[in-house]
Amino acid sequence: MRRSLLLVQLALVVLALPIEMPRAEKRHSLKEAGSIRYLELVPTGQTALAALAVQKPNTSLSEILSKAGDAEISNLLEDLNSDGTPELIVQLTGTITCGIRDCDTYIFSLENNEYRPIWTATMSVLGVGSVNVNGWNILVTNPDTQKDNGTFWSWEGKNYVLR
């Protein structure tokens, strides 16, 4: 009897604790992004560890690749700010870097002969909107054309942030 009373008291304490729910990403109408180009990242045939072994010293990129282990790399060069120098988009597909469907994806910008990370998200599909914010195209992750919405990211000076 005493044990069941203790369990009831414990259950009441747990129920009284404030539960912090994860913040839902705000979805926007795809029309707000203008016309959207869906990007297809190309598999490189390399794992993160293999790429780490041959890449030039770069602290940010080295750290990401070493944590990704045997994840396979897909990438694409895309000029997101129309400056003539394309940004490097990298997706790491592996047991450490993917959830049920979404995988870690990074965008790097070339500055002073070194790639600097300017965005990271876990996603499946990446689109680039024709709408420009602060000189950079809007990014749209996991767009849903049936519901006409997607998660938007816009440029805020040094990196992309959730809009």
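Scanning the range 38-74 for residues that are under 21 Å from N112 (Cβ atoms) and either under 18 Å from the mean Cα position of the chain (by Cα) or in a loop (DSSP other than H, G, I, E, B) (or both) returns Q55, K56, P57, N58, S60, L61, S62, E63, I64, L65.
So, E32, is that one more than 16 Å from S109 (Cβ to Cβ), under 18 Å from the mean Cα position of the chain (by Cα), of a type outside the set (A, V, I, L, M) and not in a strand (DSSP E or B) or not? In short, no. When the range 50-64 is filtered for residues that are open to solvent by less than 90 Å² (accessible area, probe 1.4 Å) and free of Cβ contacts under 8 Å to residues at least 24 places away in the same chain, the ones remaining, listed by number, are A50, A51, L52, A53, Q55, S62. When the residues of the range 96-126 are filtered to those that are assigned to a loop (DSSP other than H, G, I, E, B) and under 17 Å from A51 (Cβ atoms), the one that is modelled with the highest pLDDT is T97.
For G129, the stated conditions do not hold, so it cannot be described as touching a residue at least 12 places away in the same chain (Cβ under 8 Å), part of a loop (DSSP other than H, G, I, E, B) and not charged (D, E, K, R). Only residues that are farther than 25 Å from A71 by Cβ and either touching a Cys at 6+ places or on another chain (Cβ under 8 Å) or open to solvent by less than 60 Å² (accessible area, probe 1.4 Å) (or both) were counted across the range 104-149, and they come to 10.
If the condition is being open to solvent by 70 Å² or more (accessible area, probe 1.4 Å) and touching a Ser or Thr at 6+ places or on another chain (Cβ under 9 Å), then the range 66-79 contributes K67, D70, E72.
Across the range 80-103, the number of residues qualifying as farther than 19 Å from P43 by Cα and open to solvent by 50 Å² or more (accessible area, probe 1.4 Å) comes to 5.
The values are calculated or read from the model by the stated rules, or taken from the named source; none is laboratory data. Nothing here was measured: the structure is a model prediction, and the numbers come from that model. Cβ atoms come from the backbone with ideal geometry, glycine included; neighbour counts cover every protein chain shown. For the accessible areas, the whole protein counts, side chains as well, though only heavy atoms, and no ligand, DNA or RNA atoms are used. Shrake-Rupley method; radii C 1.70, N 1.55, O 1.52, S 1.80 Å.
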